[in-house]
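Written out below as structure tokens is the structure these notes cover.
The values are calculated or read from the model by the stated rules, or taken from the named source; none is laboratory data. Just so we're clear, the structure is a prediction, and the values are computed from it rather than from any experiment. Quick reminder, even Gly has a Cβ in these numbers, built from the backbone with ideal geometry, and neighbours come from all protein chains shown.
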Amino acid sequence: MRLASRALCGAAGAGWRESFPLGGRDVARWFPGHMAKGLKKMQSSLKLVDCIIEVHDARIPLSGRNPLFQETLGLKPHMLVLNKMDLADLKEQQVKKIIQHLEGEGLKNVVFTNCVRDENIKQIIPMVRGLVESSYRYHRGESLEYCAMVIGIPNVGKSSLINALRRQHLRKGKATRVGGEPGITRAVMSRIQVCERPLMFLLDTPGVLAPRIESVEMGLKLALCGTVLDHLVGEETLADYLLYTLNRHQLFGYVQHYGLAAACDDIAGVLKQVAVRLGKTQKVKVLTGTGDVNVIQPNYPAAARDFLRTFRSGLLGPVMLDRDVLQRPPLAHP
């Protein structure tokens, strides 16, 4: 179904939407509940590990983290790696707010990383070692090796983190597959060595989403970050939410990237211009009073896919999708 045109193109800030229409969307359909099995496997492997390394997307530092991780795996020392920092708007004030909110949730060990460029990767091993050495090692006795379990929702970079640690500490290549779509790692794997001194192993795990998403808007944020397959939400719906977000944050990099005449709040208008510029058009037969006529039409789904792909690769600039959540006061310390 074609998205309704709002014809709000022109001067930046003129008539931007104050909210995104959320009604009637079935969030449960976007997040299939097949992940309980993975969580059970993680629980059964807990006796083998000394520490939990949770990986999440730095663009949504507070949204979408699975609360069951803390509930079911919370006996072990826990650190949070906020990955894809290169794609996130992390101004100094933003980082302070993120840390304050996370400390309110009881998380004091937080590292921002970019696993593609190995940024801040060297902080991980010493932090894990410190956490383990300052805690009681349940069922692990006097074992001289360290073992950590890497957990998180889909497509946040768990496997990329393991590979980055191997590059840094062992000078070795990939040990585990990575990909731009959720669901690449499907089972708890055997232990993977990531360091010689200290001797450290990691367990890779499948992405496990929360059993219930708090709101439709949180679901859209998660989907924008690629934690579910785009077609479950709808590529044009996601593209519309992306446009709404970029305009609200006054991030107009898409105008320059696609050579548009001006910033615009009408997704149909933007996708039409994107499709024409990229040559993503298609011939469609239209029945008229004088017979069939071939009409060239923009390929809206193809344009939406390109818009989303361009955003996710960072070409439209860094963004903080949790800006609204960060404006709320942080929770009190437990």
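Do you know which of the residues in region 88-101 that are surrounded by fewer than 21 Cβ atoms within 10 Å (Cβ to Cβ) and hydrophobic (A, V, I, L, M, F, W, C) is nearest to residue 251 (Cα to Cα)?
Checked region 88-101; the qualifying residue nearest to residue 251 (Cα to Cα) is 90.
Quickly run through region 49-65 and pick out the residues that are charged (D, E, K, R) and either part of a loop (DSSP other than H, G, I, E, B) or over 16 Å from the mean Cα position of the chain (by Cα) (or both).
Listed by number, the residues that qualify are 50, 59, 65.
Could we say that residue 5 is of a type in the set (Ser, Thr, Tyr), modelled with pLDDT under 95, part of a loop (DSSP other than H, G, I, E, B) and over 25 Å from residue 319 (Cα atoms) here?
For residue 5, the condition - of a type in the set (Ser, Thr, Tyr), modelled with pLDDT under 95, part of a loop (DSSP other than H, G, I, E, B) and over 25 Å from residue 319 (Cα atoms) - is met.
Can you tell me which of (1) buried (at least 22 other Cβ atoms within 10 Å of the Cβ); (2) hydrophobic (A, V, I, L, M, F, W, C); (3) more than 18 Å from residue 22 (Cα to Cα) is the one residue 267 doesn't meet?
Only one criterion is unmet by residue 267, namely (3).
For (1) buried (at least 22 other Cβ atoms within 10 Å of the Cβ); (2) under 25 Å from residue 56 (Cβ atoms), each residue gets a yes or a no:
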site	(1), (2)
215	no, yes
218	no, yes
222	yes, yes
227	yes, yes
231	no, yes
244	no, yes
247	no, no
250	no, no
260	no, no
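Say we look at region 60-115 and pick out the residues that are in contact (Cβ under 8 Å) with a residue 60 or more places away in the chain and among the charged types (D, E, K, R); which of these is farthest from residue 321 (Cα to Cα)?
Going through region 60-115, the residues in contact (Cβ under 8 Å) with a residue 60 or more places away in the chain turn out to be 60-69, 73, 75-76, 81, 83-84, 86-90, 94, 97-98, 100-101, 103-106.
If we keep only those that are among the charged types (D, E, K, R) as well, we get 65, 76, 84, 86, 89, 97, 103, 105.
Working: 65: 14, 76: 30, 84: 13, 86: 14, 89: 9, 97: 14, 103: 20, 105: 19 Å.
Residue satisfying both the conditions and the ranking: 76.
Would region 67-76 turn up any residue that is under 17 Å from the mean Cα position of the chain (by Cα) and among the aliphatic types (A, V, I, L, M)?
Checking region 67-76: not a single residue is under 17 Å from the mean Cα position of the chain (by Cα) and among the aliphatic types (A, V, I, L, M).
Which ranges mark the helices (runs of 4 or more DSSP H) fully within region 248-334 that have 1 or more residues being within 21 Å of residue 220 (Cα to Cα) and in contact with a strand residue (DSSP E or B) (Cβ under 7 Å, 6 or more places away or on another chain)?
Because the criterion is at least 1 residues that are within 21 Å of residue 220 (Cα to Cα) and in contact with a strand residue (DSSP E or B) (Cβ under 7 Å, 6 or more places away or on another chain), the helices (runs of 4 or more DSSP H) in region 248-334 that meet it are 267-278.
Which pairs do you get when a residue that is over 16 Å from residue 228 (Cβ atoms), found in region 302-322, comes within reach of a residue that is of a type in the set (Phe, Trp, Tyr) and modelled with pLDDT of 95 or more, reach meaning Cβ atoms under 8 angstrom, with the pair 6+ apart or on two chains?
307/254; 310/254; 316/254; 319/311
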